1. What chymotrypsin sites (Phe, Trp or Tyr not before Pro) does segment 46-112 have in DSSP loop regions with at most 15 other beta carbons within 10 Å?
2. Tell me, how many Å apart are the Cα centres for segment 146-176 and for segment 61-78?
3. Taking neighbour Cβ counts within 10 Å as the exposure measure, how do Asp4, Asp115, Asp146, Asp39 sort from fewest upward?
4. Rounded, prolate or oblate: which one fits segment 70-160, using the alpha carbon gyration tensor with axes a ≥ b ≥ c (rounded when a/c is under 1.5, else prolate when a/b beats b/c, else oblate)?
5. If each residue's Cβ is checked for other Cβ atoms within 10 Å, how do Met59, Met1 rank with the fewest at the top?
6. How large, in Å, is segment 3-115 by the Kirkwood hydrodynamic radius built from its alpha-carbon pairs?
7. Given 37 °C and 0.692 mPa s, how large is the Stokes-Einstein diffusion coefficient of the chain in µm²/s, with Rh as the Kirkwood radius over Cα pairs?
8. Rank Asn36, Asn92, Asn214 by mean-square fluctuation in a GNM of the chain with C-alpha springs under 10 angstrom and give only the top-ranked residue.
Amino acid sequence: MKIDILTLFPESFAPFKESIISRAQKAGTIEINIINIRDFSRDKHKKCDDYPFGGGAGMLMSVQPIFDAVKSVLKEGSKVVFPTPVGKLYNNKTAQKLAEFSHLIFICGHYEGIDERLVELFDAEEISIGDYVLTGGEIPTMAIVDSLLRFVPGVLKEGSLNEESFSNGLLEYPQYTRPQIFEGLEVPQVLISGNHAEIAKWRKAASLEKTKKNRPDLLKGEKIED
Ligand code: 6GU
């Protein structure tokens, strides 16, 4: 999968040089390009913002640099994604759907946003990562890209996805590592029993308990699958 990220702040994507994402890039499973929108400004001062028609506080991103930047990478089968607080709420299902595209283009908005015609011209998928407002699209883009890459074959180890939170409609069960007793707290005995059937039973119950406590909304009207 190829991902082009269009931003006025290319340095914000330094975290992509780390860990699983960096490994997947080196292995050639994914290719991520960070593109500076400012490089596409035809203004002599490389200006990339402008006043909103109708007035109001703040500036919008200029339409021309973004349009040209998208055009420079757009091809047949590309999907344009625009992270925005007015988008559809993002979840693992959206991540899975996005992971099926061979090419994604992310437009990172800043200031008060982008010209609505860009959404129309590129049939951009507007996605919000939650009911709060961030100062720009860089953090949401990182969250969306990181989470969707988990569904691209070859990025994670086989099987890693199966027991994760949300994969069966529940949150993941609690995990423990050495030492067996820490600050007076013991690891649940069943996990050291070596009895895999009992461990599976315990984990399922613990998953349900965690979900009830932290995300009861996930349980409403849902049938819990084995
Ligand atoms: Cl995608 N962008 C911004 N700026 N704020 C957000 C968001 C996106 N999702 C939630 N808040």
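1. Hits after loop and neighbour filter: Phe53.
2. 33 Å
3. Ranked by crowding around the Cβ, least crowded first: Asp39, Asp146, Asp115, Asp4.
4. oblate
5. Ordered from fewest to most neighbouring Cβ atoms within 10 Å, Met59, Met1 come out as Met59, Met1.
6. Hydrodynamic radius (Kirkwood, Cα only) of segment 3-115 equals 15.6 Å.
7. D, rounded to a whole number, is 162 µm²/s.
8. Asn214
Coordinate-derived values only; no laboratory data. Just so you know, these numbers come straight off a predicted model, no measurement behind them. Here the Cβ is made from the backbone with ideal geometry for all residues, glycine too, and neighbour counts use every protein chain on show.
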